[in-house]
Amino acid sequence: MTTICPHVPPEPHAPRAAGCEECLATGARWLHLRLCMSCGHVGCCDTSPGRHATKHFQTVHHPVIQSFEPGEDWGWCYVEEAMLGPFPPAR
């Protein structure tokens, strides 16, 4: 993995929620969480029913997410379709 990607923001945002924002609002469940590095949106992964992290990218076009799971340090660039990391843990 590499962190060399022109889409990684210089200052990643802090998480806006402790869980998937959309799932929390509707009472739905998620499997894994992803953090938008551009705005701090927390969404669920593509194996979760809502797929809210990808839907966030499709709506607002923020290109890079980071895993929001304990012990995971990887990210993903939707534009480059590339794994990124390691990243420091999300704060």
| query | Which condition number in (1) surrounded by fewer than 17 Cβ atoms within 10 Å (Cβ to Cβ); (2) assigned to a strand (DSSP E or B) is the one that G43 fails? | reply | (1)
| Filtered residues of the range 56-73 (kept if of a type outside the set (V, I, T), surrounded by 15 or more Cβ atoms within 10 Å (Cβ to Cβ) and closer than 20 Å to A18 by Cβ) | H56, H62, Q66, S67, F68, E69, E72, D73
| query | Can you tell me which of A18, A53, A14, A25 is at pLDDT below 95 and not acidic (D, E)? | reply | A14
| said: Looking only at the range 30-76, how many residues end up being of a type in the set (F, W, Y) and in contact with a helix residue (DSSP H, G or I) (Cβ under 6 Å, 6 or more places away or on another chain)? | reply: 1
| field | strands (runs of 3 or more DSSP E) (entirely within the range 52-91) containing at least 3 residues that are within 9 Å of R34 (Cβ to Cβ) | value | 64-67
| task | Go through the range 1-40 and give me each residue that's assigned to a loop (DSSP other than H, G, I, E, B), basic (K, R) and under 18 Å from A90 (Cβ atoms). | result | R16
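The values are calculated or read from the model by the stated rules, or taken from the named source; none is laboratory data. Here the structure is a predicted model, which means the values were calculated and not measured. Positions of Cβ are backbone-derived with ideal geometry, glycine not excepted, and every protein chain shown enters the neighbour counts.
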